[in-house]
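Reviewing the structure listed below.
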Amino acid sequence: MDAAQFDRVVDTVIGKVKSYLITMQGRTLEEATTEEYFRALAFAIREETMINWLATARTTQKLGVRTVYYFSMEYLPGRIFINNVNNLNAVDLVKAVTQKMDRNFRDIMEREPDPGLGNGGLGRLASCLLDSLATQHYPAQGYGLRYQYGIFEQQLWDGVQVEAPDCWLLNENPWEFRRDQRRLVVKFCGTPQTSFNIHGDEIMELKDYEEVGALPYDIPIIGYNRDRRFSVVTLRLWSTKDSPRNFQLQRYNAGRLDQAAENMTLTDVLYPSENTEVGKRIRLKQEFLLVSASLQDIIRHYLANYNNFRAFAEKVRIQINDTHPSLVIPELMRILTKEHDLPWKTAFEITQACTGYTNHTILSEALEQWDHSLMYYLLPRQCKIIERLNHDFCSAVRAKYPNDEERIKRMSIIEGGRVRMANLAIVGSHRVNGVAQLHSEILKNVVFRDFYELNPDKFVNITNGVTQRRWLLECDPELAKFITKRIGDSWITDFLQIKKLANFGVDKESQEEFLAVKKKNKLRCIEFLNRENRLRDNTGLIFSPPPLIDPDSLFDVQVKRVHEYKRQLMNILHLIMIYHEILQNPQHHRIKRTVIFGGKAAAGYEMAKDIIRLIYCVARKINRDPAVAGILKVVYLENYNVSRAEVIIPSADLSQQISTAGMEASGTGNMKFSMNGALTIGTRDGANIEMEEEITPKWWPFAFGCSSEEIAEMKKYKTYHPSEIYKTVPQIKRALDSLVDRTFAQTEAEHQVFSSIYHKLLDENLGGDRFFVLKDLMSYYEAQLKVETLFKTPLKWAECAIHNIAGMGKFSSDNSVNNYATLIWGIQPCPLDQEILDRVRYDYEEHYG
């Protein structure tokens, strides 16, 4: 649009903002707080969304296309306002509006909290996929839970992680729509009574059951567009908070206050601790709540267009993101056989045709298993169906392998009083996918080998991706301009075009401009840390800012969920080694290095919490030691989330992707860092392998560590003895000794924690370094020396970084979604029907006028 048109649109939006301030908040512009102004501006911007949201739904309904329904316990969308403005191509417009209304754009954007709907990569992947589904016009809807307090807000009190409620819903969320007319009821417990459908299949009636009301809230996920014909995908989140039937007054009056409110609290917190029976019960209830309410919703929508279930398997695809929604299989079977009188065999064929399962882990402790008695108590009808499914499946396996009872035990859905949710998901799905090539091969050849041998066509690989619109265009606008200036802007929706950037790797002007962009991002990061990341003492009182950081230092970053296999411990041991080396040799040639950690430990994961405490205490020592001042700084970023990632990732020079080989399913943080011009120091694990192949080894210089095959062999033959490394490598011995000689401990409690880490690494009776930290530590140390050598030649470093960005085309979630659409869902893009869009817009504009 020309300048005059732009000014008219700005004035129109200003008028809407003023109107919303008065009509919905009773405030004039002059009186409005920043929070009130943010909400009014969001309401004004979302009007455009509503037109296309309605048109998207009407288009898919009119055309009767196959739709994918994505079930996930986690979503991590980050701030919704800025993402929507970005995808609407309205950043300049909103900046002009706020400037003309004498408001600060950044202050307005930062009023919105991060939705507390996820924890890590699982939820971030789900959000990236929804963005790509909307951008590419695929017919889709997401389902999840609306957690009132998220997983938790992380606070560090003298290095001790303290979990506080994440009050992201403290103020009204302008991007969610409460759908009272779409309430549903989910049934738990009760007494099952045997009955039969018209085909003679056993079905279960339920008496004296417990009802839980589920209230949906819808969030629009806007696809990126260069015009006004964008699609909008719905993310529907279920809440038990505002359903009166969920509060049991009789129990309250009897003094059983916790039981009275239990069903109201089902959507309070993501992943309640399973260390208690109540926590286990609530978590299983959460999983079934998601499944039952969402299936009812899907079927209600289907039956609004069709009279019977003959087309259901053709029109519906359900993707379960990890094992959490696996109960979709028995619940869909129950609905089809009982509520709609389908034969058992037909119901199973429909269920299997509709369902796909994405696996995200090979760790046995993360492959969900539920106590059979607990499941029968909470879900007696579904448990009976699982038992029959298991009987039928085991009979089929026995027919193929008649003399292999051990195989049948391994493959059984129910074994040893436990219900194996991954086995259930595999049996009930038509496709099972891993999320990186290595991960998928491990699933086929190790974790689910029996299932793969039985049905190899069921297993496929779809490597994860991230959306370049959020993780480059939005969070690193200076780098986005740098790229667009050289190759145009087609990369925003076709990230394969990014490969053209490689032509500028050797260009000195491009190298210098890249370094200038990186420095600008570092300065923004430093300002953010100084403003937001102050340190707390053991009372929680914020008492001091972080250390002074040199923007010319290497920004060495590891931000992700804290877990032993991700090996934050190896990173901090390496820092201890550097620290000792600098103290020993004042004439050292070490570069300036700023090491940034961030991530939450699960509330019940004590070892992960101990690692955080060690990092904090090492940072405390290093940051106060004048002997390393100006050379080495360590920062732990409290309460890491999407918004904080959007500041940290663009500033990074070095991306730490150092998981034990064979244990990281894929990783998506690795992709975000590379897109933003960080070089990776990493093991050959997860998607790192494919990233190295695309970028080429020439521009991927910091690979290190044992391969997954070497790790597997050491485990199999028990040939790894960490105490031998401790005895023979002086640097490692000194680093470990400092854990027990009070170098970093100021209190007895800290000394006990660090001593525990020391013994868990060396004592084979306590696990004996089961994640091979010491095994890879010297290889990691040598790779870090290569990092320092390359960093001393900035233009060469920049050339390498530009080639890393150029090699990331394959790792867009757009590509992942296209692979899902082809290999699993069999769906096609469904752009908005222009006639429908024009009609909805006409009705809106006529009303508005």
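The values are calculated or read from the model by the stated rules, or taken from the named source; none is laboratory data. Nothing here was measured: the structure is a model prediction, and the numbers come from that model. Because the Cβ atoms are built from the backbone with ideal geometry, glycine has one as well, and the counts that use them run over all protein chains shown. Calculation scope for accessible area: heavy atoms of the full protein, side chains included, ligands and nucleic acids excluded. Shrake-Rupley method; radii C 1.70, N 1.55, O 1.52, S 1.80 Å.
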**OP:** Only residues in the range 144-157 that are closer than 19 Å to Ser294 by Cα count as the first member; pair them with residues that are open to solvent by 10 Å² or more (accessible area, probe 1.4 Å) and assigned to a strand (DSSP E or B), Cβ under 9 angstrom, at least 6 apart or cross-chain, and list the lot.
**Re:** Gly144/Arg236; Arg146/Tyr217
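The rows are residues; the columns are (1) more than 24 Å from Ala627 (Cβ to Cβ); (2) at pLDDT below 95.
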site	(1), (2)
Asp507	yes, no
Lys519	yes, no
Lys522	yes, no
Arg536	yes, yes
Thr539	yes, yes
Leu548	no, yes
Val559	yes, no
Ile576	no, no
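For the range 178-197: of the residues being hydrophobic (A, V, I, L, M, F, W, C) and open to solvent by 30 Å² or more (accessible area, probe 1.4 Å), which is nearest to Asn641 (Cα to Cα)? Let's see the steps before the verdict.
Kept after step one, since they are hydrophobic (A, V, I, L, M, F, W, C), are these residues of the range 178-197: 184-186, 188-189, 196.
Filter once more, so that each one left must be open to solvent by 30 Å² or more (accessible area, probe 1.4 Å): 185, 196.
Details: Val185: 33, Phe196: 50 Å.
Selected residue: Val185.
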Original post:
Taking only pairs six or more apart or across chains, which ones have beta-carbon atoms under 8 Å, a first residue in the range 562-574 that is farther than 10 Å from Phe597 by Cα and part of a helix (DSSP H, G or I), and a second residue that is acidic (Asp, Glu) and open to solvent by less than 10 Å² (accessible area, probe 1.4 Å)?
Top reply: Met570/Asp776
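Could you check how many residues of the range 709-750 are in a helix (DSSP H, G or I) and either open to solvent by less than 20 Å² (accessible area, probe 1.4 Å) or among the aliphatic types (A, V, I, L, M) (or both)?
13
Among the listed residues Ser813, Ser738, Ser779, which satisfies the condition of being more than 30 Å from Arg228 (Cα to Cα) and touching a helix residue (DSSP H, G or I) at 6+ places or on another chain (Cβ under 7 Å)? Please lay out each step first, then the result.
On the way: Ser813 fails: more than 30 Å from Arg228 (Cα to Cα); Ser779 fails: touching a helix residue (DSSP H, G or I) at 6+ places or on another chain (Cβ under 7 Å).
Result of the check over Ser813, Ser738, Ser779: Ser738.
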**OP:** Please go through the range 210-239 and pick out each residue that is crowded, with 17+ Cβ neighbours inside 10 Å and free of Cβ contacts under 8 Å to residues at least 24 places away in the same chain.
**Re:** none
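Given the criteria of a type in the set (A, V, I, L, M), open to solvent by less than 70 Å² (accessible area, probe 1.4 Å) and assigned to a helix (DSSP H, G or I), does Ile802 qualify?
On the way: of a type in the set (A, V, I, L, M): yes; open to solvent by less than 70 Å² (accessible area, probe 1.4 Å): yes; assigned to a helix (DSSP H, G or I): yes.
Against the criterion (of a type in the set (A, V, I, L, M), open to solvent by less than 70 Å² (accessible area, probe 1.4 Å) and assigned to a helix (DSSP H, G or I)), Ile802 qualifies.
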Original post:
For the range 323-426, which fully contained helices (runs of 4 or more DSSP H) count at least 3 residues that are open to solvent by 20 Å² or more (accessible area, probe 1.4 Å)?
Top reply: 344-354, 372-378, 380-400, 405-411
**OP:** Would you point out the residue of the range 345-380, among those that are without any contact (Cβ under 8 Å) to a residue 12 or more places away in the chain and among the polar types (S, T, N, Q), that is farthest from Leu424 (Cα to Cα)?
**Re:** Thr346
**OP:** Mind listing whichever residues of the range 467-493 are part of a loop (DSSP other than H, G, I, E, B), in contact (Cβ under 8 Å) with a residue 24 or more places away in the chain and farther than 19 Å from Lys519 by Cα?
**Re:** Thr467, Thr493
Original post:
Across the range 751-794, which residue is farthest from Ser364 (Cα to Cα) among those that are free of Cβ contacts under 8 Å to residues at least 12 places away in the same chain and outside any helix (DSSP H, G or I)?
Top reply: Thr793
**OP:** All but one of (1) at pLDDT below 95; (2) open to solvent by less than 10 Å² (accessible area, probe 1.4 Å) hold for Arg106, so report the exception by its number.
**Re:** (2)
**OP:** Return only the number of the condition from (1) under 27 Å from Ile299 (Cβ atoms); (2) touching a Phe, Trp or Tyr at 6+ places or on another chain (Cβ under 6 Å); (3) open to solvent by less than 10 Å² (accessible area, probe 1.4 Å); (4) of a type in the set (Gly, Ala, Ser) that Ala134 does not satisfy.
**Re:** (2)
Original post:
For the range 632-650, does any single residue satisfy the condition of being among the charged types (D, E, K, R), open to solvent by 20 Å² or more (accessible area, probe 1.4 Å) and under 25 Å from Tyr726 (Cβ atoms)?
Top reply: no
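Can you give me the number of residues within the range 280-317 that are touching a Gly at 6+ places or on another chain (Cβ under 8 Å) and closer than 20 Å to Ile329 by Cβ?
Number of matching residues: 3.
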Original post:
Taking Ala608, is it on the phi < 0 side of the Ramachandran plot, in contact (Cβ under 8 Å) with a residue 40 or more places away in the chain, part of a helix (DSSP H, G or I) and buried (at least 20 other Cβ atoms within 10 Å of the Cβ)?
Top reply: yes
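Please determine whether any residue of the range 513-531 is in a loop (DSSP other than H, G, I, E, B), among the hydrophobic types (A, V, I, L, M, F, W, C) and either within 27 Å of the chain's Cα centre (by Cα) or farther than 19 Å from Ala652 by Cα (or both). Working first, answer last.
If we filter the range 513-531 for residues that are in a loop (DSSP other than H, G, I, E, B), which is where we start, we get none.
Looking for residues that are in a loop (DSSP other than H, G, I, E, B), among the hydrophobic types (A, V, I, L, M, F, W, C) and either within 27 Å of the chain's Cα centre (by Cα) or farther than 19 Å from Ala652 by Cα (or both), one finds none in the range 513-531, hence no.
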Original post:
Of the residues in the range 634-647, how many are aliphatic (A, V, I, L, M) and either without any contact (Cβ under 8 Å) to a residue 12 or more places away in the chain or in contact with a Cys (Cβ under 6 Å, 6 or more places away or on another chain) (or both)?
Top reply: 1
